[in-house]
Amino acid sequence: MASRVQLVQVLITHERKVLLGRWKTGDFTGRLTGLLGSWKSRENGCGWQGSAVQHALELCGLQLDSRRLQPRALFSFIEKDGEDMIHDCDEIELIYEAETHELAKISSHESERISLSWHPWDRLPFRRMPADDEYWYPRVLGLGEYLRGSFTFDGPALLDHELTQVGEEELGSAIMEMEVK
C-alpha cells in the first residue's frame, strides 16, 4: 500500500452559494470540486491551515484569513485502481464564508488548472462531482453538521461509505491527532 496522502478541500461560500471548480487537469479532470490540494503536516511546517490558504490563493486568487477557516469534516478514502493499486488518503473539509469585498478577487481570477463557478447549495450538480459529495455536501453546507466518515472507491465508482455526525470539539481533536502522525 502506498503512503497515506493528506488532502485539504476549501469550500468558499457566500449567501448560500458555494464556489466549485471544474478541473482542467489531473485526477479530477472534467469534474467539479471545492478548492482541493495536498498537504504534508511534517514536511512543510504550515499545517492544514497554511496549505488551505496556499491552495485557495493559487486556484482562485483569494488570500484567505486562516482564522476564518472552519473545519467541518474529516474523511478517510480508500481508492482501488484495478486489482493491485490502492490509494489511501485523509481529507479535511473546510468552510470559508467569503465577505462581499473578497468576491471581486475570485471572479477576476483564472487558473490553468481549474475553471470556477458559483452554485446554490440546494441545486448542486452532483452528476458532475465525485460520487461521495452528494452524501456530505448537503449535511455540511445545508445543515451545518460536523462529520467524520470513510469512503471506498473502485475507480470513480463509490463502493461503500459511512458518515457519523460528531461534535465540533471531537472533530478538532481528530484533526489535531492526524497532524502529529
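Since every read-out is calculated from the coordinates, none of them should be taken as a lab result. Keep in mind that this is a model prediction, so the values were computed, not measured. Note: ideal-geometry Cβ built from the backbone for every residue, glycine included; neighbour counts use all protein chains shown.
Could you work out [θ]222 nm for the chain from helices alone, using -39500 (n - 2.57) per DSSP H run of at least four and dividing by all its residues? Round to the nearest 500 deg cm²/dmol. If you can, show how the numbers build up before the last one.
Details: 4 runs with 37 residues, N = 181.
So the calculated ellipticity at 222 nm is -6000 deg cm²/dmol.
Take 146, 135 and order them by how many other Cβ atoms sit within 10 Å, fewest up front. Before the final figure, lay out the partial values.
Values: 146 22, 135 17.
Ordered by Cβ neighbours within 10 Å, fewest first: 135, 146.
Report ³J(HN,Hα) in whole Hz for each residue of the stretch 94-103, in order, from the Karplus equation J = 6.51 cos²θ - 1.76 cosθ + 1.60 where θ = phi - 60°; Gly and Pro get x.
Couplings: 10, 10, 10, 7, 6, 8, 3, 5, 7, 5 Hz.
May I ask what percent, to the nearest 5, of DSSP beta bridges between residues of the chain are antiparallel?
Values: 35 of 52 bridges.
Around 65 percent antiparallel, to the nearest 5.
Residue separation times 0.36 nm, minus the C-alpha to C-alpha distance between residue 109 and residue 67: what's the value?
Details: separation 42, 0.36 × 42 = 15.12 nm, distance 2.28 nm.
Taking 0.36 nm per residue and subtracting the Cα distance, the gain is 12.8 nm.
Got a sec to turn the phi values of the stretch 7-12 into Karplus ³J(HN,Hα) couplings, 6.51 cos²θ - 1.76 cosθ + 1.60 with θ = phi - 60°, whole Hz, x for Gly and Pro?
Whole-Hz 3J(HN,Hα) from phi for the stretch 7-12: 10, 10, 10, 9, 9, 7.
Run the dipole for the stretch 5-180 about the Cα centre, Lys and Arg Cβ at +1, Asp and Glu Cβ at -1, nothing else charged, and hand back the magnitude in debye, nearest 20. Mind showing how you got there, number by number?
On the way: 18 positive and 31 negative charges, 158 e Å.
That gives the stretch 5-180 a dipole magnitude of about 760 debye.
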